[in-house]
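Data block below; observations after.
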Amino acid sequence: MAVIGFASPSMRLINPIYFRSIAVRTDNSSFYMHHKFVIIDNTRLLNGSFNWTRQAITGNQENLLVTSDSQLVCLYKERFAKLWRQYKTKKDQ
């Protein structure tokens, strides 16, 4: 498992993940990476406006697309790999 997120303020959410030995990289730029997607088992993609918060679940009007389309999954895997190379690990910051 690997996670890319904002350096702040969401690091308070990512830190518990980081300390469980899950690879984490953060976006420290002033232009936040705004992607919201998950790839599960390299076969399923979740993507949309959904913010992965309690408010998104209980109050916001969000969208979330779930697909197993292999071409879409592949494109998002490539995008994740590019972002992974672009951002530093938490310990390198």
Legend entry - L83/N63 FRET efficiency (R0 30 Å; Cβ-Cβ; nearest 0.05): 0.90
Legend entry - Full-stretch length increase - Q71, L46 - with 0.36 nm per residue and alpha-carbon distance subtracted: 7.6 nm
Legend entry - Accessible surface, 1.4 Å probe, highest first, among residues I40, I57, I22: I57, I40, I22
Inset, instruction - Heavy atoms only, probe 1.4 Å: what % of the accessible area of the stretch 36-76 goes to carbon and sulfur, would you let me know? - result: 49 percent
Inset, instruction - Name the residues whose placed amide hydrogens come within less than 5 Å of the amide hydrogen of L65, ignoring near sequence neighbours (fewer than 5 apart) on the same chain. - result: N47, G48
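The values are calculated or read from the model by the stated rules, or taken from the named source; none is laboratory data. These numbers were taken from a predicted model, which means no experiment stands behind them. Every residue, glycine among them, receives a Cβ derived from its backbone with ideal geometry; neighbour counts consider all protein chains shown. In case anyone asks, the SASA skips ligands and DNA or RNA and just uses the protein heavy atoms, side chains included. Shrake-Rupley method; radii C 1.70, N 1.55, O 1.52, S 1.80 Å.
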